[in-house]
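All of the numbers you see were taken from the coordinates with simple rules; none came from a lab. Bear in mind the structure is a predicted one, so any value in this text is a computation, not a measurement. Note that each Cβ is placed from the backbone with ideal geometry, even for glycine, and that neighbours are counted across all protein chains shown.
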Amino acid sequence: MLNLQQYDSLGAALRDALERWPDEICLIEADRERENCRLTYRQFRDAASPLAKWLQARGFNAGDCVAIIMTNQSKWLISAYAILHGGGVLVPLDYKLSAPEQIELLAHSKANVLVTEHHLWRAIRQSDQFQGLQSLTVLVTEAPAQADLAGAHRWEESKADGTPDFIPRGRQDVACIVYSSGTGGQPKGCMLTHENYLEQCISLTQLFPFWPGVRYLSILPTNHAIDFMVGFIGPFVCGATVIHLRTLRPEFVRGAFSRYRITYVSLVPLVLKNLEKGLRLKFDEIPPGRRRMLDRLVAVNRFLTRRRPKLWLSRLLLQQVHEAFGGELRAIFVGGAFMDPATIQFFYDLGIQVANGYGLTEAGTAITLNDFNPFRADTVGRPLPGMEIKIVDSDAEGVGQVAVRSKTVMAGYLDDPELTSETVVDGWLMTGDLGRIDSTGHLQLLGRVKNMIVTEGGKNVYPEDIENAFEGLNVKELCVFAANFIWRERSMGGEELIIVLRAESGHEIDAGLVQELDRRNQRLPDSKRISGYVVWDEDFPRTASMKIKRPVLAEAIRLRRDRARSVVKL
């Protein structure tokens with residue numbers, strides 16, 4: 001890989017990567033069973049240069065902000081490189097947001113240029129808030145020939161002849177404005193510098209290196225902090241290959257593993273959990289004799305790799321399982337929300353390493369990562385190289401707020417010095433997450449500060465901890481609340497805990513499920529037992545990283561349901 005210590009900006013590092021590995025494949029865009037494009041590093045450069053020149057010819061300057069609202073595809077990365085080459089600031093926005101939400105973030109970021117897909121641009125134009133975007137230069141991809149673009153330019157035609165000027169940037173200059181998913185409220189635009197990204201890439205590749213020939217499967221949206229780093233910057237500065245899928249239907253995702261012999265992939269916990277469920281169903285379909293053999297091989301692998309992974313051995317013992325993942329999978333990266341240790345253990349027993357991590361947008365993506373030295377399913381790993389972690393205001397059990405200090409911590413929130421000063425204190429990022437550091441230096445997370453519940457007995461209870469006890473319950477989703485968090489008319493005294501259940505499609509919350517709920521509940525300490533449940537008939541609102549938007553869900557329940565009628569007592 002490139003020596004990133006020698007670079008001052010992402011643009012400079014990416015420019016040199018395109019020169020260093022001209023004939024290596026950098027990007028494949030696949031749609032179902034066909035490939036839309038396959039680009040070498042030289043071809044990628046040749047596709048981005050005319051766009052960079054076109055922007056500069058229209059007055060694009062260093063520091064100008066360009067928003068990208070697109071699904072995973074080659075044009076996303078080509079546009080991003082053209083912007084960074086010209087000294088611009090990227091504003092990657094979530095294409096799943098509503099048009100009014102996107103317009104709000106475009107205005108907040110003061111974006112000069114927008115790159116988006118035709119159907120997204122059409123939705124934005126139809127929004128009541130559209131009038132505030134009249135000064136934007138808009139580039140639209142994949143627009144039909146006769147489409148009315150309302151003054152926007154076709155991305156495919158936005159080209160100019162000549163070599164674009166490379167505009168150098170400093171390490172402390174802002175490279176991206178990334179909007180923290182959070183759980184609602186005012187926009188929080190994290191200003192991430194070139195140094196933030198360069199240092200993060202150095203840390204991650206020390207534990208999980210990339211090189212020419214490595215193939216990374218990009219499933220998470222590229223605007224997601226994890227995939228922007230691990231699915232763009234990291235592979236490119238190492239000469240590796242990124243595979244973008246235009247469809248996320250499970251059968252085509254599964255097919256991509258074997259078709260492209262995938263080396264790495266990043267997933268959020270919800271997707272990994274669904275993958276586990278699918279594997280367990282397949283295992284249950286195996287004839288009894290073969291199933292007993294599989295179970296024995298899994299047990300042998302578990303014993304021989306109980307301390308550290310032995311990938312060669314696992315591939316030998318469980319060849320068919322590994323071939324289903326392409327035969328060359330080295331690790332699945334997972335983060336963005338709480339990950340059930342039992343799921344991590346399930347995959348590890350099969351010889352598939354799940355590198356469980358913890359991070360925040362404000363910290364430049366990852367803070368800790370499990371390095372399998374030794375294997376631990378119950379933690380989010382140790383701090384990455386260059387990361388300092390401490391626990392603030394810890395209680396008698398060592399639980400307190402996690403704070404982090406490193407060169408990856410953001411420069412601050414855009415136009416919000418007050419929130420910045422509350423979040424970054426004396427150089428330490430106050431994460432808002434509760435945890436403790438064990439004797440081996442591993443971080444264990446126990447919840448969010450704002451979700452913490454103080455019981456009548458003075459005990460601190462964390463909803464995520466309770467939810468873990470109900471993991472695997474036959475429902476689509478579940479979420480634990482303090483009753484007073486939803487129905488605020490009462491004081492915090494005598495607080496009760498409730499669980500909100502979302503049934504699987506076509507199913508109901510029946511007597512058998514309630515009995516299982518009650519059985520598990522009785523195993524919990526008194527301070528963690530739920531007193532009742534609420535049945536919810538809509539999918540839970542989630543952030544881009546699939547975290548439940550707890551305040552949004554609570555508000556929806558509060559508005560639609562009276563407490564006395566909605567809570568079923570256990």
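Once the piece of chain linking R291 and D426 is laid out straight, how much longer is it, given 0.36 nm per residue of separation minus the C-alpha distance between them?
On the way: separation 135, 0.36 × 135 = 48.60 nm, distance 5.68 nm.
Answer, rounded to one decimal: 42.9 nm.
Taking the number of other C-beta atoms within 10 Å as the exposure measure, put M387, M293, M191 in order starting with the fewest.
On the way: M387 23, M293 12, M191 20.
Fewest to most other Cβ atoms nearby, the residues stand as M293, M191, M387.
Nearest-5 percent of antiparallel DSSP beta bridges in the chain? Please list the in-between numbers first.
Details: 46 of 85 bridges.
Expressed as a percentage, antiparallel bridges in the chain total about 55.
May I ask you to compute the full-extension gain from E142 to N274, defined as 0.36 nm times their residue separation minus their alpha-carbon distance, rounded to one decimal in nm?
Working: separation 132, 0.36 × 132 = 47.52 nm, distance 3.21 nm.
Computed gain between E142 and N274 is 44.3 nm.
Quick check: pseudo-label points 7 Å beyond the Cα along Cα→Cβ at N36 and A556, how many nm apart are they?
Each label point lies 7 Å from its Cα, and together they span 2.9 nm.
Using the basic label-point model (7 angstrom from Cα toward the beta carbon), what is the L149 to K390 distance in nanometres?
5.4 nm
May I ask you to evaluate 6.51 cos²θ - 1.76 cosθ + 1.60, the Karplus curve with θ = phi - 60°, for each residue of segment 366-377 and list the ³J(HN,Hα) values in order in whole Hz, giving x for glycine and proline?
In residue order, the calculated couplings are 9, 10, 10, 7, 6, 9, 6, 9, x, 5, 9, 8 Hz.
Explain nothing, just the number: relative contact order of the chain, from Cα pairs under 8 Å at least 6 residues apart, as a whole percent.
Values: 1086 pairs, mean separation 64.1, N = 570.
The value is 11 percent.
To make sure I understand, if each residue's beta carbon is the centre and we count other beta carbons within 10 Å, what order do D46, D8 fall in, fewest to most?
Numbers: D46 12, D8 16.
Final ranking by Cβ density, sparse to dense: D46, D8.
Would you please classify the overall shape of the chain from the alpha carbon gyration tensor, given that a ≥ b ≥ c denote the square roots of the eigenvalues, rounded means a/c under 1.5, and beyond that prolate means a/b larger than b/c while oblate covers the rest? It would help to have the intermediate numbers written out before the result.
Working: a/c = 1.59, a/b = 1.30, b/c = 1.22.
Cα axes put the chain in the prolate bin.
For each of H108, H194, H224, count neighbouring Cβ atoms within 10 Å of the residue's Cβ, then give the residues from fewest to most.
Values: H108 18, H194 23, H224 27.
Lowest count first: H108, H194, H224.
Quote to one decimal, in nm, the extra length available between A342 and V300 on full extension: 0.36 nm per residue of separation minus the C-alpha distance between them.
Values: separation 42, 0.36 × 42 = 15.12 nm, distance 1.81 nm.
Full-extension gain reported as 13.3 nm.
Assuming R0 = 56 Å, what is the FRET efficiency of V568 and K159, from their Cβ-Cβ distance, to the nearest 0.05? Please list the in-between numbers first.
Working: r = 62 Å, r/R0 = 1.11.
Calculated transfer efficiency: 0.35.
For K277, give me every one of the lysines with a C-alpha distance below 25 angstrom, ignoring sequence neighbours fewer than eight places off in its own chain.
K277 reaches K310, K476, K547, K549.
What's the ranking of 127-135, 168-176 by average number of surrounding C-beta atoms within 10 Å, highest first? Each step should come with its number before you reach the end.
Working: 127-135: 11.8, 168-176: 17.9.
Top to bottom by mean Cβ count within 10 Å: 168-176, 127-135.
With the crude spin-label approximation of a point 7 Å out along Cα→Cβ, what separation in nm comes out for F252 versus D378?
Taking the two extended label points, one gets 4.2 nm.
Compute the distance from the alpha-carbon center of segment 23-84 to that of segment 97-168, in whole Å.
15 Å
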